[in-house]
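Single-structure report; data block below.
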Protein chains: 2
Amino acid sequence: MATLKVPATVPAVADDCDQLRKAFQGWGTNEQLIISILGHRDAAQRRAIRRAYAETYGEELLRSITDEISGDFEVKPDHTYELVISDRLLCRACSADDGDQRAVILWTLDPAERDAVLANEAARKWQPENRVLVEIACARSSAQLFAVKQAYHDRFKRSLEEDVAAHATGDFRKLLVPLVSAYRYEGPEVNTRLAHSEAKILHEKIHHKKYSDDEIIRILTTRSKAQLLATFNHYNDEFGHRINKDLKADPKDEFLKTLRAVIRCFTCPDRYFEKVVRLAIAGMGTDENALTRIITTRAEVDLKLIAEAYQKRNSVPLERAVAGDTSGDYERMLLALLGHE
Amino acid sequence: MATLKVPATVPAVADDCDQLRKAFQGWGTNEQLIISILGHRDAAQRRAIRRAYAETYGEELLRSITDEISGDFEVKPDHTYELVISDRLLCRACSADDGDQRAVILWTLDPAERDAVLANEAARKWQPENRVLVEIACARSSAQLFAVKQAYHDRFKRSLEEDVAAHATGDFRKLLVPLVSAYRYEGPEVNTRLAHSEAKILHEKIHHKKYSDDEIIRILTTRSKAQLLATFNHYNDEFGHRINKDLKADPKDEFLKTLRAVIRCFTCPDRYFEKVVRLAIAGMGTDENALTRIITTRAEVDLKLIAEAYQKRNSVPLERAVAGDTSGDYERMLLALLGHE
C-alpha cells in the first residue's frame, strides 16, 4: 500500500543521471526537475541512479544534492573517502534548515541506510521523547532491522545497540537496547497457553505499576509479533481493557508513552504513524523532522494506509493537510511521495 | 588452522552418497566407512552430499544415520515434513547414549545449524554452568552468530534470544540475552579514550563486587572485540592485573566463571577451548558432550591451535589423549576430525 508513483515507462538510468546533472548545475532553480525524477523512482531505481551517477561524474549523487564541493575532507585511517564525504553530507543534511534538502537526501538513501542514519541521529542525541528507535525496532521486519544494523556498521563503524546502550539511560536503555538488538521470529505460529500466561504476567506487573519490570521487557523485546498479538488479545479478553489503556495511568509519563508506541508499532503501525503525522501537522508550525521521516520511510511501504487513516480521523485528505502546512520545494517533494499527480 | 583433512581428490558426490547408502544398510558393521567419508568432507561438501542423498533416496541423510525409520511423523501446520523429521532425529541424537552417533550427526550438520541445535539444547535445559551459549555468542564472528539465529528460526520456529530469555534466570539472563542478541561491529577501529574510560568503569565495579552491574553487562555485550581487547589491555596496564584475575575473587562462583569464559572466548578462544577439552578428558570418565562439541565445532576452524595449546599445557599430543580416553567408532570419528592419518 505504497503511495510512490513510478511512471509506466521509466527513462534509462543514464538519462536520469544526465537530467540530474543538468539540474544540479543550477540548484534552486531546477529543484523541481530533481524532485520530478527522484520523487518517482523506487529504491532499486534510485540505487542504480546513485551507482551510475558516481561512475559517470566521479562524484556522489548526495554530494551534488547538497552542493557541497568546497572544503577539505579528512580521511581517517580505515575510513573510505566516499564514506567520510557521505557522513559529512548527511550530518549537514540532517541538521539542514532546508526541509526540502533533508527530504530529498533521506528519500534518495536506501531504506536500510536511511534507517541507519535516522537511528544514529536518534541514538547520539537521545531524548526520552524520541520515538525513532522504537519505530525502527518495531515497525520493520526482522530482515529489514538486520539490514539496518549492517548499514549501521558500514556507515558508522560501530553497532546500533552499542550507540543506544551508550547514550540512552535508565529504564529507556533497559527497553531500547534489547528492542533494537532483537532478531524476532516472524512465522505465524502462536502458543495459546503462553499468550495466556504472559498476558497474566503483563497485567500483574502493570497493575503494580512495575512498568519497567524485567518480565515486561523480556516479553516485549523477544516474542514474535504474532505471539504478542495473541497475548494482547488475550489481555483484552481476560481483563476487559486493551493493554494500552492500562498503560495510560499517567498520560504524561514518557516511559509509558514509549511502551504504548512499542505496542502500537506492533499492532497497528498505520494508525501509529497517522498519529505522528497528525501531531506534526497540528497546531502552530510544523514538525518537519517527523513529517519528513514518516513520509520518506513509509512512501514505499504503507503510506496509502496511513493517508486513509488520516482522512478518516481528521476528515481532510492527508495531501491537502500537507499542502496547507508546507510550501515550495519541500511541499512539492512531500506531495510527490504522497503520489500527488 | 583447521585439522580436518579432505583428500586431494574427492570422490563425486553421487559416489559418496552411494557408498553411504551401502554403509547404512548394515549400521554398526560399516560405521567405519561412514566415518571415512563424512569425517573427511568440509561443510560445503557435506551439504552437497545431504542434498544429493535426499534427492536420490527420498530420505534425509540424518535419518539414515540414526536408522530411525519406524514411527509416524506428525506434520504440524506450517512445519515441513523434512523439518519435523530432522527435529525428532536431532532430539534423539542429542540425547543418544551413542557418542559416535551424536558426533557424526553434529558434524554432518552445517556449522550454523549445529550451533542452533547446541544452543537450543543449552537454552531449554539451561544450567548456570553450561558454557555453550557463551561460546556461540563470543567465539563466533558476527555474521556466523547471525547465521545461527536464522537457522534457529528455521528449525525451532522461535528466536534464540526468546528461548534464552525464557529459561535463563537472574544475573545469567541479564548477561546471556544481550550476549546472544548482539550484532557486534567487527572492524579494527579502536577508540583509545573509550578503552581507558571503560577499563576504569570495569575496575570500579569489579572492585565493589558489582559483577552484574548494568555497565559491565553493557560493555561486554555491545563493544566490538577489537575495542574490548584494547579495554582489557588498558585494564592490565593501569591496574596491574589482568581483568580475569580480578574476576577470580570467588573461584567457585558460577557467574564469575561465566564472565571469565566470555572474556577468554574474546581474547584467547584457542586456550579457552583447550581448557574445556582438558577438563573433558581429565579425571575418571570422559565428558563426551563437551569433547564432541569442541571437536565438531572447531575441526574446520582452529582445532590445530587448540591441539597445539593442549600439547603445550599437558605435554601429551591431543590425539593421543583422545585415543586414550575413548574407544571404538567414537574414537575413530574424533581422530578423523583431529586429522589423524
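The values are calculated or read from the model by the stated rules, or taken from the named source; none is laboratory data. Small disclaimer: the values here were computed from a predicted structure and weren't measured. Cβ atoms come from the backbone with ideal geometry, glycine included; neighbour counts cover every protein chain shown.
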Condition met for A:Ala323 (in contact with a Leu (Cβ under 8 Å, 6 or more places away or on another chain), free of Cβ contacts under 8 Å to residues at least 40 places away in the same chain and more than 30 Å from A:His208 (Cβ to Cβ)): yes
If we keep just the residues of segment B:261-294 that are touching a Leu at 6+ places or on another chain (Cβ under 9 Å) and acidic (Asp, Glu), which is surrounded by the fewest Cβ atoms within 10 Å (Cβ to Cβ)? B:Asp287
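The rows are residues; the columns are (1) modelled with pLDDT under 95; (2) surrounded by fewer than 16 Cβ atoms within 10 Å (Cβ to Cβ).
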position	(1), (2)
A:Tyr81	yes, yes
A:Ser86	yes, no
A:Leu89	yes, no
A:Ser95	yes, yes
A:Asp98	yes, no
A:Gln101	yes, no
A:Ile105	yes, no
A:Pro111	no, no
A:Arg114	no, no
Counting only helices (runs of 4 or more DSSP H) entirely within segment A:206-293, those with at least 1 residues that are of a type outside the set (Gly, Ala, Ser) and within 14 Å of chain B (Cβ to nearest Cβ) are A:214-222, A:225-239
So A:Ile136 fits all but one of (1) touching a residue at least 40 places away in the same chain (Cβ under 8 Å); (2) more than 16 Å from A:Pro111 (Cβ to Cβ); what number is the exception? (2)
Yes or no: segment A:183-194 includes at least one residue that is over 30 Å from A:Ala116 (Cβ atoms) and of a type in the set (Ser, Thr, Tyr). yes
Taking B:Ala299 as the residue in question, decide whether it is at pLDDT 95 or above and within 27 Å of B:Val190 (Cα to Cα). no
Selection from segment A:295-323 of residues that are in a helix (DSSP H, G or I) and surrounded by fewer than 21 Cβ atoms within 10 Å (Cβ to Cβ): A:Lys304, A:Leu305, A:Glu308, A:Gln311, A:Lys312, A:Arg313, A:Asn314, A:Glu319, A:Arg320, A:Ala321, A:Ala323
Looking only at segment A:125-162, how many residues end up being facing another protein chain (nearest Cβ under 9 Å) and surrounded by 23 or more Cβ atoms within 10 Å (Cβ to Cβ)? 6
B:Val177 being β-branched (Val, Ile, Thr) and within 16 Å of the chain's Cα centre (by Cα): no
Mind checking which pairs have a first residue in segment B:47-63 that is under 14 Å from B:Leu109 (Cβ atoms) and a second that is aromatic (Phe, Trp, Tyr) and part of a helix (DSSP H, G or I), Cβ under 6 Å, 6 or more apart or different chains? B:Leu61/B:Tyr53
When (1) in contact with a Lys or Arg (Cβ under 9 Å, 6 or more places away or on another chain); (2) more than 22 Å from B:Asp115 (Cβ to Cβ) are applied to B:Thr258, the one that fails is (2)
Among the residues of segment B:279-297, is there at least one that is farther than 18 Å from B:Leu335 by Cα, more than 19 Å from the chain's Cα centre (by Cα) and among the aliphatic types (A, V, I, L, M)? yes
Hey, can you tell me all the residues within segment A:286-304 that are closer than 18 Å to A:Val104 by Cβ and of a type in the set (A, V, I, L, M)? A:Ala290, A:Leu291, A:Ile294, A:Ile295, A:Ala299, A:Leu303
Criterion first (in contact with a Leu (Cβ under 6 Å, 6 or more places away or on another chain), within 19 Å of A:Trp107 (Cβ to Cβ) and modelled with pLDDT of 95 or more) does A:Ala307 satisfy it? yes
Boolean, B:Arg184 is facing another protein chain (nearest Cβ under 8 Å), touching a helix residue (DSSP H, G or I) at 6+ places or on another chain (Cβ under 9 Å) and either at negative phi or buried (at least 24 other Cβ atoms within 10 Å of the Cβ) (or both): yes
Residue in segment A:41-64 that is at pLDDT below 95, crowded, with 16+ Cβ neighbours inside 10 Å, over 26 Å from the mean Cα position of the chain (by Cα) and polar (S, T, N, Q) present: no
State yes or no: is B:Arg242 among the charged types (D, E, K, R) and under 23 Å from the mean Cα position of the chain (by Cα)? no
Go through segment A:1-54 and give me each residue that's assigned to a helix (DSSP H, G or I) and in contact with a His (Cβ under 6 Å, 6 or more places away or on another chain). none
